[in-house]
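Step one of this worksheet: look at the structure below.
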């Protein structure tokens, strides 16, 4: 038990370094469902990538008829008046703003009004952690997390876990992708720039399966 505690302590510390303040509150095992966390409207520069199931708002300044709240469809698209079907998933809000504004250009003789895209409610991300972890299972979170945070939610690696050989299975349009992660350098308690550079802190996506051998 003492060895397990010593291993979990740095993992929890590192997760806090990379996590947003509310990650631990947002994530839970699937059986205990809770409402997704409400996002504030995106700032002028956002690093959040829109995904299927997100509730977004599109607002064209000065055009109330073109203000819409909608969910991103399972195929990653949205339907917007005067524009039609637009691919939204995988894009930053500001990128989608540009796409919609360009598509509206044919509808205006002068300058096209400013377009604002806000993520109102992000769709929850569900992922599975298997292998040598304290609490293997399926988890759900309303926020983006990385592999370090995901393992922390699963109780961290056990005494004999190979934290330098973590496998992440991810479904994509091209089939099953296999990603690797190495967080062992981060388990020494003191993390420096070299440790971060040698580690592969993969961002977790919906449907990912994380295997700790």
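The values are calculated or read from the model by the stated rules, or taken from the named source; none is laboratory data. Not measured: the values here are computed from a predicted model. For neighbour counting, all protein chains shown are included, and Cβ atoms are generated from backbone atoms with ideal geometry for every residue, glycine included.
Per-residue answers, yes or no, for (1) within 30 Å of residue 65 (Cβ to Cβ); (2) modelled with pLDDT of 90 or more:
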residue: 109; (1), (2): yes, no
residue: 121; (1), (2): yes, yes
residue: 128; (1), (2): no, yes
residue: 133; (1), (2): no, yes
residue: 147; (1), (2): no, yes
residue: 174; (1), (2): no, no
residue: 178; (1), (2): no, yes
residue: 198; (1), (2): no, no
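Inside region 115-138, residues that are surrounded by fewer than 16 Cβ atoms within 10 Å (Cβ to Cβ) and within 22 Å of residue 54 (Cα to Cα) make up a count of 2.
The residues in region 131-179 that are farther than 20 Å from residue 89 by Cβ, part of a strand (DSSP E or B) and free of Cβ contacts under 8 Å to residues at least 24 places away in the same chain can be counted, and the count is 1. Here residue 190 qualifies as at pLDDT below 90 and outside the structural domain of residue 75 (by TED's automatic domain parsing).
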